[in-house]
Ligand code: PMP
């Protein structure tokens, strides 16, 4: 698969990967007839590229794993895209390099039903495609210490909408919860599942600390299998020697936790200091959250040689002024 015939980024703005080639983002447009636009028949990823100024490199965190999750979603939603895992990683590094951002970026791949056909409620026999954009990206949650509320919206069960993939359809639930929370003046919502167990944030997994143990909901409580979650579990065990327990969590156990934090590609690791207007412990970032956050930030920007294998380097090309 070659992309060499495509546009170089000069001063014609950002580029996107669209319909098999790299084109100006302004030209990457779909028809209003597109199936995915009507029915959210799509899966996507959120990947971060972290700018390392000393090395002049954007480190893309856990690139392959993100595409493994995307491809699992493709399988589930019968999205036949003509790219292998290696192709997807190569296309991504190439686009990041060509777009030339020398700052933190967000990478958004999307696999979608591109068939221009509505009134067709099935997945089979519909054309699929893949597109990719990259945008500059800073602090996602807008605050380093979060005030959260418990959402009145509940997470769908896996028997309603698949919960282990990042399907576009499932994000209407996150968006309703986030809208409710932010309109009420909170930074983020914590969403419970149908049984009333703690599930996750709108775009983050959740952890609590209880007497030195790190606890996070089991994925079967409908949380997304997050790579930041997986990374933090590994760091907590191997670097801090903490016991990590994956189990169901009751809402009131969160109120009584010693620490709470959220994890996600966009959110990084962000402490929750208040839930439903109650301070968590003394209402400050806790010591375990702070230690894990410090390690995580060092790793994602490629400053910890031990974990450099999680970071795919991309060297931004100089963009003509
Ligand atoms: N849960 C939801 C609902 C999310 O959207 C995300 C962000 N992808 C996460 C959890 C965290 O996943 P990750 O750490 O892989 O970004």
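The values are calculated or read from the model by the stated rules, or taken from the named source; none is laboratory data. Worth saying up front: this structure is predicted, and the values here are computed from it rather than measured. Virtual Cβ from ideal backbone geometry, glycine too; neighbours counted across all protein chains shown.
Of all residues in the stretch 39-75, those that are in contact (Cβ under 8 Å) with a residue 60 or more places away in the chain, within 23 Å of residue 124 (Cβ to Cβ) and within 16 Å of the ligand (Cβ to nearest atom) total 8.
The set of residues in the stretch 150-161 being within 12 Å of the ligand (Cβ to nearest atom) and over 24 Å from residue 253 (Cβ atoms) consists of 161 alone. For residue 224, the conditions (1) surrounded by 15 or more Cβ atoms within 10 Å (Cβ to Cβ); (2) over 20 Å from the mean Cα position of the chain (by Cα); (3) in a loop (DSSP other than H, G, I, E, B) are fulfilled apart from (2). In the stretch 229-316, counting only strands (runs of 3 or more DSSP E) that sit wholly within it, the ones holding 1 or more residues that are in the same structural domain as residue 210 (by TED's automatic domain parsing) and surrounded by 19 or more Cβ atoms within 10 Å (Cβ to Cβ) span 259-264, 268-275. If only residues of the stretch 178-220 that are more than 14 Å from residue 147 (Cα to Cα) and part of a helix (DSSP H, G or I) are counted, the one that is nearest to the ligand (Cβ to nearest atom) is 219.
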